[in-house]
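Chemist: Questions regarding the structure given below will be posed in turn.
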Amino acid sequence: MNHKLLSIAALLTVAAASSAQAQGVRLGLRAGTNYANLAGNIKNENTYNNKFGFLGGVMLNADVTGDGFFSIQPEVLYSQKGFENKPTEYTNTILGVGYTEKREGKVNYNYLDVPVLLKINAGGFIVEAGPQYSYLLSANDETKITRTRQPNGTPSVTEAQDKKDVSGFKRSELGYVAGVGYQADNGLSLNLRYTGAFSDFVKSDNGTYFNGDLANARHSAVQLSLGYLIPSK
């Protein structure tokens, strides 16, 4: 899928380079934050909390109606998704020995998101929605487990193995984006969006990942961002 992403980025770059000559086509920048978590049928759902992550990239707005009311806006965004472990104690048995375990830390999944938005601008107030293709660039598992042998053992702390291994995840996913916002005449905008995936991201042969809790998990996030569309000449 890398070549597809490069092709999309190349098309946007070519379009941006000609934007000075094209009426109604504007290049822009976007930066903000994700408030991310997991959706779907998740076991022990209350042990996975939301986390904040960075969101940023470029966009290209093509005015369809000529008056700015309706436009098409593809974007290429670096997007940090994932979750934070809620520090909850639970019991586990290893080789017949009982343990009390507490899991802490966060997990980052770093994506390249390519949404294609249909955008309505009614006097500055924005409504936008569209499909999104996402590609997993990398992951970073910062989970730490404090394990105490029952009844009176000494606690020991272990960190996640293969912290940056992505082989157990589906690299590509399709999803959707929808949101509202406000855009000023100078091109500055404030946008509130929700994004979600249609499919789970953990491979079926990775069933032991987080004790199988995330076998049917999907990414989701609330996004708050600032955008700026550069005026066309």
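The values are calculated or read from the model by the stated rules, or taken from the named source; none is laboratory data. As the structure is a computational prediction, the values presented were derived from the model and not from experiment. Here Cβ is always computed from backbone atoms with ideal geometry, including for glycine, and neighbour counts include all displayed protein chains.
Chemist: Run GLY207 past the list (1) over 18 Å from the mean Cα position of the chain (by Cα); (2) among the small types (Gly, Ala, Ser); (3) surrounded by 14 or more Cβ atoms within 10 Å (Cβ to Cβ) and report the number of the one that doesn't hold.
Modeler: (3)
Chemist: Follow-up. How many residues are under 30 Å from ALA197 (Cβ atoms) and either part of a strand (DSSP E or B) or without any contact (Cβ under 8 Å) to a residue 24 or more places away in the chain (or both) when one looks only at the range 88-110?
Modeler: Residues in the range 88-110 being under 30 Å from ALA197 (Cβ atoms) and either part of a strand (DSSP E or B) or without any contact (Cβ under 8 Å) to a residue 24 or more places away in the chain (or both): 11 in total.
Chemist: Also, I was wondering about something else. Would you mind finding the one in GLY207, GLY212 that is in contact (Cβ under 8 Å) with a residue 24 or more places away in the chain and among the small types (Gly, Ala, Ser)?
Modeler: So the residue among GLY207, GLY212 that is in contact (Cβ under 8 Å) with a residue 24 or more places away in the chain and among the small types (Gly, Ala, Ser) is GLY212.
Chemist: Please name all residue pairs, on different chains or six or more residues apart, with Cβ atoms under 8 Å, provided the first residue is in the range 52-66 and is more than 12 Å from LEU27 (Cα to Cα) and modelled with pLDDT of 95 or more and the second residue is part of a strand (DSSP E or B) and of a type in the set (Phe, Trp, Tyr).
Modeler: PHE52/TYR35; PHE54/TYR78; LEU55/TYR78; GLY56/TYR78
Chemist: Can you pull out every residue in the range 37-51 that is more than 18 Å from the chain's Cα centre (by Cα) and surrounded by fewer than 16 Cβ atoms within 10 Å (Cβ to Cβ)?
Modeler: ASN41, LYS43, ASN44, GLU45, ASN46
Chemist: Moving to a separate point now. Please pick out the residue among ARG193, ARG147 that is among the charged types (D, E, K, R), part of a strand (DSSP E or B) and at pLDDT below 90.
Modeler: Answer to the check: ARG147.
Chemist: Then there is this: Kindly check whether there is at least one residue in the range 138-159 that is farther than 27 Å from ASN46 by Cβ and within 25 Å of the chain's Cα centre (by Cα).
Modeler: Restricting attention to the range 138-159, the residues satisfying the condition of being farther than 27 Å from ASN46 by Cβ are 138, 152, 154.
Narrowing the set further to residues that are within 25 Å of the chain's Cα centre (by Cα) leaves 138.
Yes - at least one qualifying residue is present in the range 138-159.
Chemist: Additional query: Sort out which residues of the range 111-142 are in a loop (DSSP other than H, G, I, E, B) and more than 20 Å from PHE54 (Cβ to Cβ), and write them in order of number.
Modeler: Matches in the range 111-142: GLY123, GLY124.
Chemist: State the number of residues belonging to the range 54-113 that are more than 30 Å from GLY227 (Cβ to Cβ), surrounded by 14 or more Cβ atoms within 10 Å (Cβ to Cβ) and of a type in the set (Asp, Glu).
Modeler: 2
Chemist: May I ask you to say which residue of GLY181, GLY153 is out of contact with any helix residue (DSSP H, G or I) (no Cβ under 8 Å at 6 or more places or on another chain), in contact (Cβ under 8 Å) with a residue 12 or more places away in the chain and either assigned to a strand (DSSP E or B) or acidic (Asp, Glu) (or both)?
Modeler: GLY181
Chemist: Something else about it: Quick check: anything in the range 167-175 touching a residue at least 60 places away in the same chain (Cβ under 8 Å), in a strand (DSSP E or B), surrounded by 15 or more Cβ atoms within 10 Å (Cβ to Cβ) and among the hydrophobic types (A, V, I, L, M, F, W, C)?
Modeler: yes
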